[in-house]
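Asks: Structure below; questions to follow.
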Amino acid sequence: GNQRVFFIKCISKIISLLRIKFKNWPYLVSKGKGDFNKMSSLIDYFQGFIIFSQKTVTSSLEAYKYFISSVELDRNQLSSRFALAQLLLMQKSPQRSLQLIEEILLLAPEGLLCECYQLMPILSYQAGELKKAESEFERAINFFPDCINLAMSRISFLELTNDVKAITAIQNILEVINKCHSVYKPELLNNLAALHIKIGEFKKALEIIEQA
C-alpha cells in the first residue's frame, strides 16, 4: 500500500536526478568516464518498472517498450529480461516467456535464479509441455525445498496431471506446514481428501475430512 507508493516515488525521483546528472553522458563516455548504454538501460528498466506498477492494459504496453529498450541497450540487463518474461506471460505468450527465462538461467545471479526456477514450470505447463513442467517443478523444489508458494504451485499442477503424485506432494508439504501452522492447511487437507475420493479411497478421505 503506502510503502509501495513511497518506493515508486523514490525510484521516480532517482530517475529524474540521474537524467539531470548525466545529461552529458555521451561526453563522459567519450572520455572513458562511464558506460552510457548500461546507465541508459538501467534507467529504462526503472521507468518500465514504475509504469508496470500501475497495472493497467496501457501501462503494460508502455512498460514493454521500456523493457525492450533496456535489453537492446544492455544485453546483460537481466532484470529487464525477467520483467519482459512476466509481461509475456500476462499476454498469454508462454513460449516466448520461457525462452527468455532459459536465457536468464545461463547468466543470472542467485537471487534472480530463485524467481526464474519458480516461474519455469508454470511457463512450461502453460506452453503445453507437461513433462518439462514436471521436471522443472522437481528441479525447483530441489533448489528451494522450503518455499511454500512453489510447493503449492506444484500441487496444483499435479492435481491436474497425476493424482498419486499429488497425494504424495500434499503429504510432504503438510509435514512442513504442521510446524508453522500455515493457513494453507485446511485447503490442503480438503484437496487431499478430494484426491483420495477420486482414486476410490473413501475411508482414507473420510479420515482426512475429520482432520480438516
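Since every read-out is calculated from the coordinates, none of them should be taken as a lab result. Just so we're clear, the structure is a prediction, and the values are computed from it rather than from any experiment. So basically every Cβ, Gly included, is an ideal-geometry build from the backbone, and we count neighbours across all protein chains shown.
Asks: Label point 7 Å out from K132 along Cα-to-Cβ: which residues of the stretch 66-101 have amide N under 12 Å?
Replies: Residues passing the 12 Å test: 94-101.
Asks: Cα centroid distance between the stretch 52-100 and the stretch 142-212, in Å?
Replies: 34 Å
Asks: Classify the stretch 57-141 as rounded, prolate or oblate, taking a ≥ b ≥ c as the square roots of the eigenvalues of its Cα gyration tensor: rounded when a/c is under 1.5, otherwise prolate if a/b is larger than b/c and oblate if not.
Replies: oblate
Asks: State which entries of K165/K203; K131/K198; K92/K204 exceed 28 angstrom in Cα-Cα distance in the structure shown.
Replies: K92/K204
Asks: Ok, one more. For C147, what charge total do you get from the other residues with a beta carbon under 13 Å from its beta carbon, if Lys and Arg give +1 and Asp and Glu give -1?
Replies: 0
Asks: Percent of Cα-Cα pairs more than 29 Å apart in the stretch 67-212, please.
Replies: Cα-Cα pairs of the stretch 67-212 separated by over 29 Å account for 28 percent.
Asks: Tell me, in nm to one decimal, what length is gained between Q211 and N142 on full extension, where the rule is 0.36 nm per residue of separation less the Cα-Cα distance?
Replies: Extending this stretch completely gives an extra 21.9 nm.
Asks: Quick check on the stretch 130-212: take the gyration tensor over C-alpha atoms, sort the square-rooted eigenvalues as a ≥ b ≥ c, and tell me if it's rounded (a/c under 1.5), prolate or oblate.
Replies: oblate
Asks: So what is the relative contact order for the stretch 53-212, in percent, with contacts set as C-alpha pairs under 8 Å and at least six apart?
Replies: It rounds to 11 percent for the stretch 53-212.
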